[in-house]
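J.: Encoded as structure tokens, here's the structure I'll be asking about.
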Amino acid sequence: MKNTALTDIHIKAGAKMVPFAGFNMPVQYAGINAEHETVRKGVGVFDISHMGEFILKGELALDLIQQVTSNDASKLYDGKVQYSFLPNKDGGIVDDLVVYRIDEKTYMLVVNASNIEKDWDWISSFNTFGVEMKNISDRTSLLAVQGPKAAEALQGLTDIDLASMEYYTFKKGKFAGIDNVLVSATGYTGAGGFEIYFENTNAEHIWNAIFKAGEPFGIKPIGLGARDTLRLEMGFCLYGNDIDDSTSPLEAGLGWVTKFNKEFTNSAALAQQKQEGVKRKLVGFEMIDRGIPRHDYEIVDADGNNIGKVTSGTQSPSLQKAIGMGYVKTEFAKEGTEIFINIRDNKIKAKIVKPPFNK
């Protein structure tokens, strides 16, 4: 199992460590509900250094990205970030990812930890463009500083004007006295904040500087448990749960990042699917009766007929009710439709709602 540059710090802080995507990661420190609330109302720090980072460089770097990703990367400008996915050849998704345009010939792709090798091999297999590819995952640390107080807590550490940064943009600059740190106005919590990329050698220094600067704002370390409840309240997909190699992006509601004004892997088949319509859809639902939906639980209609399955579910700390996401037959996907989750052979009532759950 791999460690991040900050593993020892997490252990000393009393984190409960678990194996995740081949890494030894903190799942919680003080408890998921308390950590969730810290991020929603204040500011918290996640070590997400397990994520993968690839640099693509060259005259035709954009051409390669346009071929392998679904979104239109030609719309990017220096300092702009874009959410996208890698379509496979069978109508599913290799991975979802974030694309950073450093300059006209240089891009950074940020991919899921569990898919680093798979994504690298996939993108490489399309690289007939002579693009120089570098996998910098093992030497790169990444912290997500999330919450409404994030900009205020971090501003003293950098000359980048954090409050004026637009969502899904980034800047490079000096941070905590370290040059060439990439600060990105992105995140996976819906609470606002930043993601900060830097060399592993600076990890401990930057971690300590952030906690010192954030002390007046009640900053706390946050584990992967709260990261999951926070993203689920926003209806954000998690690869391996809500999307995978067998789920169509159109079924998953990712039509907004599937741009048919260009050709990309499997674009013709996806365009046809868009025209014909999908047979199932990824929906959000909240429980009406008492019970917590879990991954792979069966979704049924009033007569007990199978109409789909749960992909993600939890007790929402912010809403104090159980929520979930799952695929259902298209005719059951309309907002307000009553469905049932099969929990230990009991039909537990729920209704379809439109994410985000936490408005």
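Laboratory data are not the source of any read-out in this text; all were calculated from the coordinates shown. Being a predicted model, the structure only gives us computed values, none of them experimental. As a convention, Cβ positions derive from the backbone with ideal geometry for all residues, glycine included, and neighbour counts pool all protein chains shown.
J.: From the residues Val353, Leu56, Leu162, which one has its Cα farthest along the dipole of the chain in the positive direction, the dipole being from +1 and -1 charges on Cβ of Lys/Arg and Asp/Glu about the Cα centre?
T.: Val353
J.: Another question, then. Got a sec to turn the phi values of region 133-147 into Karplus ³J(HN,Hα) couplings, 6.51 cos²θ - 1.76 cosθ + 1.60 with θ = phi - 60°, whole Hz, x for Gly and Pro?
T.: Values per residue, Gly and Pro as x: 10, 10, 8, 9, 4, 5, 10, 10, 9, 9, 10, 9, 9, 10, x Hz.
J.: Please report the relative contact order for region 195-319, taking Cα pairs under 8 Å with a sequence separation of at least 6, and give it as a percent rounded to a whole number.
T.: 21 percent
J.: Straight-line reach from Lys174: which lysines have Cα under 18 Å away, leaving out those fewer than 8 places along the same chain?
T.: Candidates past the 8-residue exclusion: Lys212.
J.: Give, rounded to the nearest 20 debye, the magnitude of the charge dipole that the chain has about its Cα centre when Lys and Arg contribute +1 at Cβ and Asp and Glu contribute -1 at Cβ. List each step's numbers first, then the result.
T.: Working: 40 positive and 46 negative charges, 168 e Å.
It comes to approximately 800 debye.
J.: If the cut-off is a Cα-Cα distance under 17 Å, which aspartates and glutamates reach Lys118, setting aside same-chain residues fewer than 8 apart in sequence?
T.: Once the sequence-local aspartates and glutamates are set aside, what remains near Lys118 is Glu53, Asp90, Asp95, Asp96, Asp138, Asp244, Asp245.
J.: Lys/Arg Cβ at +1, Asp/Glu Cβ at -1, dipole of the chain taken about the Cα centre: which of Ser114, Phe332, Val278 is farthest positive-ward?
T.: Projecting each Cα onto the dipole axis, the largest value belongs to Phe332.
J.: So, one more: Restricting to DSSP loop positions (anything but H, G, I, E, B) with no more than 16 other Cβ atoms inside 10 Å of their own Cβ, which GluC sites (Glu not before Pro) remain in region 200-269?
T.: Answer by residue number: Glu263.
J.: Under a point spin-label approximation (7 Å from Cα along Cα-to-Cβ), what is the Ile288-Lys321 distance to one decimal in nm?
T.: Roughly 1.1 nm, to one decimal.
J.: Okay, next question. Could you give the dipole magnitude of region 279-353 about its Cα centre, charging the beta-carbon of Lys and Arg +1 and that of Asp and Glu -1, in debye to the nearest 20?
T.: Numbers: 13 positive and 10 negative charges, 32 e Å.
About 160 debye.
J.: Assuming a ≥ b ≥ c are the square roots of the Cα gyration tensor eigenvalues, decide whether the chain counts as rounded (a/c under 1.5), prolate (otherwise, with a/b larger than b/c) or oblate.
T.: Oblate.
J.: So what is the relative contact order of the chain, in percent, for Cα pairs below 8 Å that sit 6 or more residues apart?
T.: Details: 822 pairs, mean separation 62.7, N = 359.
Answer for the chain is 17 percent.
J.: Among the lysines, which have Cα under 23 Å from the Cα of Lys347 when same-chain residues fewer than 8 positions away are ignored?
T.: Lys281, Lys309, Lys321, Lys329, Lys334
J.: Same structure, new question: Using Cα-Cα distances under 8 Å and only pairs 6 or more residues apart, what relative contact order does region 279-353 have, in percent?
T.: The normalised contact order for region 279-353 reaches 40 percent.
J.: Assuming 0.36 nm per residue, please report the length gained on full extension of the stretch Asp138 to Lys75 beyond their Cα-Cα distance.
T.: Here the answer is 19.7 nm.
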